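Step one of this worksheet: look at the structure below.
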Amino acid sequence: MEEANVARLVRQEALVRPAATAERFVANIETVVHDKREEIELVLAAMFSGGHVLFEDVPGTAKTVLARAIAQSIHGATTSRIQCTPDLQPADVTGLSVFNQRERDFEFRAGPIFANVILVDEINRATPKTQSAMLEAMAERQVTVDGVTRELTDPFFLMATENPIEFEGTFPLPEAQLDRFLVKTKLGYPGAEHEVRIVAEQRYGHPLGSLEAVIALDDVRELRRAVQEVYVDDLLQQWIVDLVRATRENEDVAVGCSVRGSLALDRVARAWALLHARDFVLPEDVELLFVPVLLHRVNFRPSFLALARRVGWDQAVDQFKARCLAAAPRPRPHDEASSSA
């Protein structure tokens, strides 16, 4: 017991600095992206977990601002934006080799994927071939052009968007490719009083113009290492697996989450705990992250889609989540005490 207490004290001390860094990071982004703290934390949880984020949201909800704010908050970080269209080619993303007449040889010119923070706007408007080029970079952290493999920048974080109301001329991402995104979420519109503040702030310019860096690239790498040290009790780890397996056994599901879903929920829960200055994961973290981490990995049957059309998507999702929680109940209250051991 004494050894466990010593181990926890060591872990707590090791996570004090990363937790303070994460809080400073979030607070700095909040100065330009208002009324979206939970959404910002979710995006950064994905970033600290080494994953990527898919936004399904309407235009004008500060997705580009968020991407730029993340990059500008990191000293030395680079950012790029890729606007997807049906004629976008893989080389437009990864880069290509161009013949240098002076040197009489081909030289590689890097594409926009070689940045620390990338916003891919309307990814479903790109052709499957171009989508695959981006998803390969996400999964492998490298691109291969003309037979030469090149490592991407570190850290490498990609945010992609889909417009939920316009589907003409789009190429929906297959389920296997959706599974590559660690988190799927939306920002949504700010509250009325915050929208008034946004209008007032941008009267003479955008607040991004004065946003300063508050952390370094090495801090991001330290945060990623710190996430691995956050404690997850064996009971919670088993529960995470049980929840993911419950998605496979639901009658409204054709194909449930793979093992990648279990890994993702574990990793994001650890990052979420760190963002809330904790060195351990709570059951509440897992429940909160169930939808953004797992839902896009589930292939639903027509019966569920019919229910969603009848009662609304959000209500149908709540019912699905409730059934999964019923099939895999959270650890009993007297067991949860050990989750902070």
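Over the chain, Cα pairs under 8 Å with separation of 6+ residues give a relative contact order of 23 percent. Treating the angle as unsigned and between 0 and 90°, give the value, to the nearest 10°, between the Cα long axis of helix 2-30 and the longest Cα principal axis of the chain. For 2-30 against the chain, the angle is about 40 degrees. For segment 230-341, the equivalent ellipsoid derived from the Cα gyration tensor has semi-axes of 27, 13, 13 Å, listed largest first. Among the listed pairs K63/K184; K184/K321; K63/K129; K36/K184; K129/K321, a Cα-Cα separation exceeding 23 Å is found for K63/K129; K129/K321.
Give, rounded to the nearest 20 debye, the magnitude of the charge dipole that the chain has about its Cα centre when Lys and Arg contribute +1 at Cβ and Asp and Glu contribute -1 at Cβ. Working shown, then result.
Details: 38 positive and 51 negative charges, 77 e Å.
The dipole of the chain has a size of about 360 debye.
For the residues S262, S132, S303, a GNM of the chain with alpha-carbon springs under 10 Å puts the largest fluctuation on S303. Computed on segment 33-224, the Cα convex hull volume stands at 149 Å³ per residue. Dipole orientation for the chain: of the candidates V291, A326, I215, V291 has the Cα lying most toward the positive pole (charges on Cβ; Lys, Arg +1; Asp, Glu -1).
Count charges around F55 for me, please; just the other residues with Cβ under 13 Å from its Cβ, Lys/Arg as +1, Asp/Glu as -1.
Numbers: positive: K36, K63, K184, K186; negative: E39, E56, D57, D121, E122, E162.
Neighbourhood net charge equals -2.
You can think of it this way: the chain between V16 and S303 has 98.5 nm of extra reach, that is 0.36 nm per residue less the Cα-Cα gap.
Just how large is the dipole of segment 222-282 about the Cα centre, in debye to the nearest 20, putting +1 at every Lys and Arg Cβ and -1 at every Asp and Glu Cβ? Show your work: numbers first, answer last.
Numbers: 8 positive and 10 negative charges, 61 e Å.
My answer is approximately 300 debye.
When I118, I40, I123 are sorted by how many other C-beta atoms sit within 10 angstrom of their C-beta, beginning with the fewest, the order is I40, I123, I118. Each label point was placed 7 Å from the Cα along the Cα-to-Cβ direction; for F106 and Q238 their separation is 5.6 nm.
Neighbours of T144 by Cβ distance under 13 Å: Lys/Arg scored +1, Asp/Glu scored -1, total -2.
Model label sites at E212 and A322, defined 7 Å from Cα along the beta-carbon direction, differ in position by 5.0 nm. For the chain, the mean residue ellipticity at 222 nm estimated from helices alone is -15500 deg cm²/dmol, where every DSSP H run of n ≥ 4 contributes -39500 (n - 2.57) and the total is divided by all residues, rounded to the nearest 500. Of the three principal axes defined by the Cα atoms of the chain, the extents in descending order read 73, 50, 49 Å. First select every other residue whose beta carbon is under 13 angstrom from the beta carbon of T64; then total the charges, Lys and Arg +1, Asp and Glu -1. Around T64, the surrounding residues sum to 0. Here the label points at S132 and D146, each 7 Å from Cα along the C-beta direction, are separated by 2.2 nm in the simple model.
Since every read-out is calculated from the coordinates, none of them should be taken as a lab result. It should be emphasised that the depicted structure is a prediction, and the values quoted were computed from it without experimental measurement. Using ideal geometry, Cβ is built from the backbone for each residue, glycine included, and neighbour counts are taken over all protein chains shown.
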